[in-house]
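Colleague: One structure, pasted below without further comment.
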Amino acid sequence: MKVRFTSPKKQNPDEDGGLPVRYGPAKRAVPKWRWYILVLVISTPLLFLLWRVGAAMFFINAPGVISLEKVSINSPFPAVVERISVSPGARTAHGDLLMRLEDPVVTQRIYVLQAELEALKTGVPGAAGDSPSRAAFATVRIAEEGVRYQKGYRDSIQSLFRQGAATRAEADAAEERYRQALSALAEARASVALLQAPDLSRQESAAQRNTRIAQIEAELKGLEERKGFFSVVSPGEGRVLDVFPTEGQSVAGGTPLVLLGRPQSLKVMAYLQPRHISYAKEGEKVIVRLPGSLSVSGMVSATPEIAARIPAELAGVLAEGKQTLLVRIDLDEPLAGHLRVEGLPVSVHFGFSLRKSLQILSGES
């Protein structure tokens, strides 16, 4: 018996045993254009990938942000933040109160001097057995309480400093306050001794008392004038970008308190890939694309000199954490008020140059 694995029907499907077989036409013909559409849909991801790669090579775009001109307001002296009057995002005008500072040393010094001044004006030195004015002793008591308070405060700050919870500047400021309190106590005791001095004549005692009164009044005047600096005010129109301290926090001299942004003066900071540095020369024209399908022309203000990591919120999956060139862009026309937002994301188009793109592809500098 011979077994065949090929059927003659494969060679002539219209015959069966030598007899012709008539098949009817197909019920539905499939148009070719449907097959073309199916192939196009399947190849769309590949075409999109090729377009993005080609566009990245020949059309140079970089993410960026709107950056307002920033003004940092610092503490003029060691102080305690008594009250904060603004919050991030608030608009300010010239002279608006931002926060109020209190210097415990100055405040305590004013109380001590006022008590000493009252003692000198009311206390009249007499014979050896006379007692000094009660106000003079009150001055000493206030000064002694100030020394105890400042000593405790200094010890607390030093303990926090050893634990790493306080800065060197705060420890130095606490030490300086303690020394000023000791000085105030010594002056108060000297005033009491002046009132109790039995060996001075009435004229000599009065002369020394008047001299001390003049010194105290002059110092009080200076301290009262300095109290004007306790109110931290806005130097001009702007927007509060950040408030660093909290109410009740001690700050050293020069510590940043408030960061203001000036909407009148802004720029665009673009994060450009280093291989595209030839597009970032000073004077190069760019197009800044803003939210809402708006575009503004601009110009590279200076050749980039700083490299920075692209922010995570602006970077894609592959670009996150990479170093980029920080390019400053000056706009050719002012932006509308609702677009003057610190950190507003934008896209910067650096144009198209076939020669530069080919140089990048070939690895030429």
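The values are calculated or read from the model by the stated rules, or taken from the named source; none is laboratory data. Not measured: the values here are computed from a predicted model. Don't worry about glycine lacking a Cβ; one is built from the backbone with ideal geometry, like all the others, and counts go over all protein chains shown. Just so you know, the surface numbers come from the protein's heavy atoms only, side chains and all, with ligands and any DNA or RNA stripped out. Shrake-Rupley method; radii C 1.70, N 1.55, O 1.52, S 1.80 Å.
Colleague: What FRET efficiency comes out for the pair K322/E282, r = Cβ-Cβ distance, R0 = 22 Å, nearest 0.05?
Modeller: Computed FRET efficiency for K322 and E282 comes out at 0.40.
Colleague: Would you please classify the overall shape of the range 238-331 from the alpha carbon gyration tensor, given that a ≥ b ≥ c denote the square roots of the eigenvalues, rounded means a/c under 1.5, and beyond that prolate means a/b larger than b/c while oblate covers the rest?
Modeller: It is prolate, given that a/c is not under 1.5 and a/b is the larger ratio.
Colleague: Considering only protein heavy atoms, what per residue accessible area in square angstrom results for the range 64-115 with a 1.4 angstrom probe?
Modeller: That works out to 42 Å² per residue.
Colleague: If you don't mind, there's one more thing I want to ask. Could you tell me the extents of the range 61-102's C-alpha atoms along the three principal axes, largest first, rounded to whole Å?
Modeller: 50, 21, 16
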